[in-house]
1. Quick one: angle between helix B:219-234 and the longest Cα principal axis of chain B, in degrees between 0 and 90, rounded to 10, please.
2. Given H placed on each backbone N at 1.01 Å, which residues far from B:Tyr64 in sequence or on other chains put an amide H within less than 5 Å of it?
3. Between A:Ser51, A:Ile98, A:Thr36, whose Cα lies farthest towards the positive end of the dipole of segment A:35-106 when Lys and Arg beta carbons carry +1 and Asp and Glu beta carbons carry -1, centred on the Cα centre?
4. Separation of segment B:36-64 and segment B:211-278 by C-alpha centroid, Å?
5. Dipole of the protein assembly as shown, Cα-centred, from +1 at each Lys and Arg C-beta and -1 at each Asp and Glu C-beta, to the nearest 20 debye?
6. For helix B:87-110, report the angle its Cα long axis makes with the longest principal axis of the Cα atoms of chain B; keep it between 0 and 90° and round to the nearest 10°.
7. Given the pairs B:Lys46/B:Lys310; B:Lys310/B:Lys509; B:Lys26/B:Lys447; B:Lys234/B:Lys403; B:Lys26/B:Lys403; B:Lys46/B:Lys347, which are separated by over 30 angstrom at their Cα positions?
8. Give, in nm to one decimal, the length gained when the segment between B:Ile517 and B:Phe20 is fully stretched (0.36 nm per residue of separation minus the Cα-Cα distance).
Amino acid sequence: MPALPPSVPLSWYLTLSLILFVLGIAGFLFRRNIITVFMSIELMLNAVNLSFITFSYKLKQVDGHIFAFFVMVVAAAEAAVGLAIILTVFKNRQTLEIDELSSLKN
Amino acid sequence: MQLWLIPLLPLAGFAVNGLFGRRLPKAAINAVAVGSVLLSFLWVLKTLSALGVFGGGNPLEQAYIEHYYTWIQSGTLNIGVDFAIDRLTAVMLMIVTGVGFLIHVYSVGYMAHEGGYYRFFAYLNLFMFFMLVLVLGANYLLLFVGWEGVGLCSYLLVGFYFTEKFATDAGNKAFIVNRIGDFGFSLAVFLIVMHFGSLDFATVFGKIQGMPVESSAGWMTAIALLLFVGATGKSAQIPLYVWLPDAMAGPTPVSALIHAATMVTAGVYMVTRSSAIFLHAHGALEVVAIIGLATAFFSATVGLAQTDIKKVYAYSTVSQLGYMFLGLGTGAFSAGIFHVMTHAFFKALLFLGAGSLIHAMSGEQDLRKMGGLRKYTPITFWTLLCASLAISGFPGLSGYFSKDAILASAYDYAPWMYWVGVFTAGMTAFYVFRAFFLAFFGEPRWKAAEHHADGHSKPDAHGHGADAHGHGAPHESPPSMWIPLAVLAVFSVIGGYINIPRWLEPMFKLPEEAPGIPWTALVSVAAGLIGIALAAWFYLIAPALPEELARSFSTPYRWIYNKYFVDEFYSAMVVEPVVDGSRSLLWRIVDVGSIDGIVNGTGKTARNIGGILKRLQSGSIRSYAAWVVLGSILVIVAITMAGGVR
C-alpha cells in the first residue's frame, strides 16, 4: 500500500468525516423529500466509513476495513429495502413529503 | 386389617351419588347410600371380631395402628396418615356406623318426597366418611381433618333447604360459631407441636406420662383449655351452644345423626382422647366440669318452655352433652363415653320419632298443634315412650346407667354439682314427657284439612299433603322409618347393659364401687320420676295449669321462652359490632379509602405519566431523528465530561 503523503495529517480525514456526517444529519433533519433523507443516511454511513478506514490505517489494524465492508453490505441491503418501501409509499400516497407520512400518529 | 376401608366405603358412596346421583333412579341412590354405610358397618364388625373384641380375653389392650403413608414431613415433625383402633375408637366406630346405618335407612322413607334426594344422601355419606376419619385418626391432624369435615357436612345439611332463608342462616350460624371453637382447637394443635414435637396420640401421651401434674396454670392447662374451646364449639357448650338449636332447620334425620348422635359428641370424644393432657391440668378439668354442668342446667330450663318439638329435643341434646362434659370434668371419662353411646341411642330415637310425628302431621312441628296422636301412630308412640323413659333415667333403661355413672362421679368430685345435676335430671324428665304428652295425649289440636294447607310452609318443609298420599288424618310411617325406630328402641332399653366403663377400664381407671345400688342413683331416679309425674299432672290431669303458671311467673317464663335472650345478646354484643365495624371502618375507610385508593392511585399515576410521555410520540419522523441526534450529542458530551473512553 502506498504511503499517504505526509502533508495530509490524520485530523483532516477526521474533519472531512465529521463535515460529511453533519451534512448527513442536516439533510436528514431538514430535507423533506424522503429520497433526499435517504441519501443523507447514506452520506452519514459513508462518513463513518471514512473514519473507520482512517483509524484502521493509522492504527495498522484490519478491523476498520472489515467494519467498513460490513457497513457497505448493510447499506446496500438497506438501500434495496428502503427504495422498495419508498416506491410503495409513493404508489399508495402519491407523495414523498415526509411530514405527510405520519399516519401512525392519531 | 384394612382399616381404610371403613371410611372409604361411605366416601365411595358419596362420590357415586354426588357425581351421578342426578341421573340415577331412587332405588340405585338408596342402594349406594345405605349399602355403603352397611358395608362399612359390617367391616367394622369384621375388623373388631378379627381383633378379638367379641371373644373373651383381653383384646385391644394396646391400640392397633395402621400406617399408610407419611403426609407431612417438616424438620423433626412427622405426620402420617395413620388409622388406629383402641377400645375408645371401637365404641365410637360402633356408634357411628351402627346408628348411622339405621338413620340412613330411616332417611330413605323420610326423604322420599323431598327434592334434592341424591344430594341429601351424598352429603350424608360424606359426613359418615369424615366422622369415621375423626374417630379413626391416630394423630391430632387427622382428627382435625375429620373435625372440619363433619363441620362442613353439618353446614351443608343444615342449609339443605337452601331456598329458605332461615335454613341458610342457620347453616351459616353453625359454621361461623364453629369457627371460633376450631380456632381454639388449631391453636391447641400448634401448642402440642411446639411442646411435644409430634401430633401422634401415642407419642404425645407417652411423653406426658413422665411429666408432673400441673397445679397452677401453665402451658398444659393452656393446651387443655384450647382443646376444650374446640369442644365447646363442636359439642354445643356454653358459650358456643347457640348454633345447635338453630341447626334443627335441617331435615330431621340430619338432626338425629349429626346434631344428636354423632357429630356433636365429637367434642366429648376429643376431650376423652386427650384425657392424658386434661388429667395433667386439673384447672382445665374443673372448667370442663363447670361449663358442662352450667350448660346442662341452663339448656334444660330453656327446654321447659319450647313449643317446637325439635327445639325441645335440641335443647335436650345440649343439656345431655353438658352431662357428658360434667362426667369428663369430674374425671369419669368412661362414664362420659358411656353416655355418648346411650345418648346416641335414645336421642337419635327421639329425633327420628319426632320426624315420624312430623311426617304423620305432614310437616307440623308445633307441639301446640299436635295432640292425641297415639291412636294414629302407635309404633312411634311406643318407641318414643322407650326413648323418653331412657333419657329420664328410668331404672333399668340405658339412660339410667350412664347418667348414674356421671352423677356418682360428680358427687365424688363436689356434692353441689351432684345436686344441680339431679335437679337437671328432673327437668329433663319433665320437658321430655311434656313433649310426649302434648304430642300423644289429650284432645287433637289439629284439623285434618288444616294441616294439609300449611304442610309446606313449616321449617322442615316435610309436607307431602299435596302429593299422592292425600290422607285426611295423621298416619303411621312406612316400614323403612319405623324399623329403625324399633331397633333403636330396643337399644335404648338394653343399651345400658353394654358395660362401657368396664370395657374402657384399661384406659380409664374405675372408681371403687360400693356393692348394691348407691343412694345417689336412687335420688336421681326419684328426681326423674318426679319430673315425669309433674309433666303428667300438668299436661294430662290439669291442662290449664301450665298456662296459669306461665302467667303468674311471667317474667321467668318470658326469659326461658326466649332462651334467656342469648341470641339477642350475642347479636347486640358480637354480630352487630362486627357488621357495623365492617361496614363503617373496613368497607368505607379501609376498602374504599386505602385499598381502592392504592389501586386506583396506581392506575391514575400510570395514566398521568403516560399523558406526559405521549407527547414524545409525535408521529413526525423528523422529530424522532432530532431526538436521536440530541440524545447522541448528550451521550458524547457526558462521556467526554467523564473523561472519555479509555
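Derivation of every value follows stated rules applied to the coordinates shown; laboratory data play no part. This is a predicted model, so every value here is computed, not measured. So basically every Cβ, Gly included, is an ideal-geometry build from the backbone, and we count neighbours across all protein chains shown.
1. 70
2. Under 5 Å from the amide H of B:Tyr64: B:Ile85, B:Asp86.
3. In segment A:35-106, that residue is A:Ser51.
4. Using only Cα atoms, the two centres lie 26 Å from each other.
5. Numbers: 44 positive and 41 negative charges, 428 e Å.
Roughly 2060 debye, rounded to the nearest 20.
6. For helix B:87-110, the angle is close to 80 degrees.
7. Working: B:Lys46/B:Lys310 36 Å; B:Lys310/B:Lys509 37 Å; B:Lys26/B:Lys447 33 Å; B:Lys234/B:Lys403 21 Å; B:Lys26/B:Lys403 41 Å; B:Lys46/B:Lys347 27 Å.
Long pairs (Cα-Cα over 30 Å): B:Lys46/B:Lys310; B:Lys310/B:Lys509; B:Lys26/B:Lys447; B:Lys26/B:Lys403.
8. On the way: separation 497, 0.36 × 497 = 178.92 nm, distance 5.64 nm.
Roughly 173.3 nm would be gained on extension.
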